[in-house]
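The values are calculated or read from the model by the stated rules, or taken from the named source; none is laboratory data. Since the model is a prediction, treat every value here as computed from it, not as a measurement. Here the Cβ is made from the backbone with ideal geometry for all residues, glycine too, and neighbour counts use every protein chain on show. Accessible surface is based on the protein model in full, side chains and every heavy atom, while ligands, DNA and RNA are left aside. Shrake-Rupley method; radii C 1.70, N 1.55, O 1.52, S 1.80 Å.
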Amino acid sequence: MRKAEQALIEQLEARFREVTRLLYTTSIPAPVLDAELMPMMAEDVTFTDPWQKGGGKETYRKGAAGFHCMFHFDFDIFQLNVQLEPDGKSGRAIVDGVMNLKQFAWLFTYPLRTILVYDFTLQRGEDGGEVLPLIHAHEEMWSFGDMIANVPGVGMLYDRFRNAFSVGFLAASAVCGRLKQG
């Protein structure tokens with residue numbers, strides 16, 4: 001990889017860390033989202049998660065503001081990677097982390113394993129210098145296993161179920177293997 005391309009990828013990774021912080025630290029007020037986040041959203045931006053899908057910059061803006069108004073979250077990033085397409089004009093950022101619902105922080109924090117995917121094209125900033133991502137798609141994927149495991153009082157039962165299912169699956173696999181050989 002060329003030095004200039006590596007520098008651009010590092011710059012974009014820093015930018016997507018900031019995008020994720022803005023989106024998932026719900027104590028950030030809507031005017032800050034409008035000023036810092038919305039210039040990076042394309043007119044045709046879509047948002048998809050396991051429960052909903054919508055499109056358009058104004059819909060996205062309203063959804064982000066509503067999310068910040070209704071919920072108390074932050075996001076721990078474990079891994080972040082940006083990959084550019086061969087033409088160098090578009091790419092994808094993938095963020096692996098945990099959304100922490102702190103709705104009832106006095107009682108507990110609900111961690112939700114989450115993968116974020118941002119599809120983007122590149123654009124020059126207003127000053128013509130810095131290269132900025134223009135985000136066309138934002139997808140949020142959750143681990144349903146983590147959703148179940150992290151429900152207070154349910155996690156231990158779910159863990160026992162998973163262990164028992166694993167034993168049963170391995171036994172069925174062994175039987176299948178023997179039948180296939182014979």
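For region 85-110, backbone nitrogen atoms closer than 16 Å to the point 7 Å from residue 2 Cα along Cα-to-C-beta are found at 85-90.
Comparing 80, 157, 33 in a Gaussian network model of the chain (Cα springs below 10 Å), the most mobile by mean-square fluctuation is 157. A cut-off of 5 Å between modelled amide H atoms, ignoring neighbours fewer than 5 places along the same chain, links residue 123 with 132, 134. Highest mobility in the GNM of the chain, judged by mean-square fluctuation with C-alpha springs under 10 Å and restricted to 16, 165, 75, is found for 165. In this label model, residue 48 and residue 165 are separated by 2.4 nm, measuring between points 7 Å along each Cα→Cβ vector. Hey, which lysines would be in cross-link range of residue 3, C-alpha to C-alpha under 27 Å, not counting anything within fewer than 8 residues on its own chain? Reachable lysines: 89. Please give the helix 155-181 orientation as an angle from the longest Cα principal axis of the chain, in degrees from 0 to 90, rounded to the nearest 10. For 155-181 against the chain, the angle is about 70 degrees.
The fraction of accessible area contributed by carbon and sulfur in the chain is 59 percent, rounded to a whole number (1.4 Å probe; ligands and nucleic acids excluded).
Near the amide H of residue 72, within less than 5 Å, lie the amide hydrogens of 102, 103, all on another chain or at least 5 residues away, with H placed in the peptide plane.
Altogether, the Stokes-Einstein calculation at 25 °C and 0.890 mPa s, with the Kirkwood radius of the chain over Cα pairs as Rh, returns a diffusion coefficient of 131 µm²/s. Per-residue ellipticity at 222 nm computed for the chain from its helices equals -13500 deg cm²/dmol, with DSSP H segments shorter than 4 residues left out and the rest contributing -39,500 (n - 2.57).
Using R₀ = 45 Å, calculate the FRET efficiency as 1/(1 + (r/R₀)^6) where r is the Cβ-Cβ separation of residue 35 and residue 108; round to 0.05. Given R0 = 45 Å and the Cβ-Cβ separation, E is 0.85. Here the Karplus relation 6.51 cos²θ - 1.76 cosθ + 1.60, evaluated at θ = phi - 60°, turns the backbone of region 26-41 into coupling constants of 6, 7, 6, x, 4, x, 5, 4, 4, 6, 9, 9, 4, x, 9, 9 Hz, with x for every Gly and Pro. Taken along the Cα-to-beta-carbon direction at a fixed 7 Å, the label points for residue 76 and residue 58 span 4.0 nm.
Students often get this wrong: which residues of region 41-71 have the backbone nitrogen under 15 Å from the point 7 angstrom along Cα-to-C-beta of residue 142? Under 15 Å, as judged by backbone N against the label point of residue 142, lie 48-53, 67-68, 70-71 of region 41-71.
GNM remark for the chain: springs join alpha carbons under 10 Å apart, and the peak mean-square fluctuation among 163, 100, 81 falls on 163. Modelled label positions at residue 65 and residue 17, each set 7 Å beyond Cα in the direction of Cβ, lie 3.0 nm from each other. Using the 1.4 Å probe convention, the accessible area of the chain works out to 62 Å² per residue with neighbouring protein chains retained.
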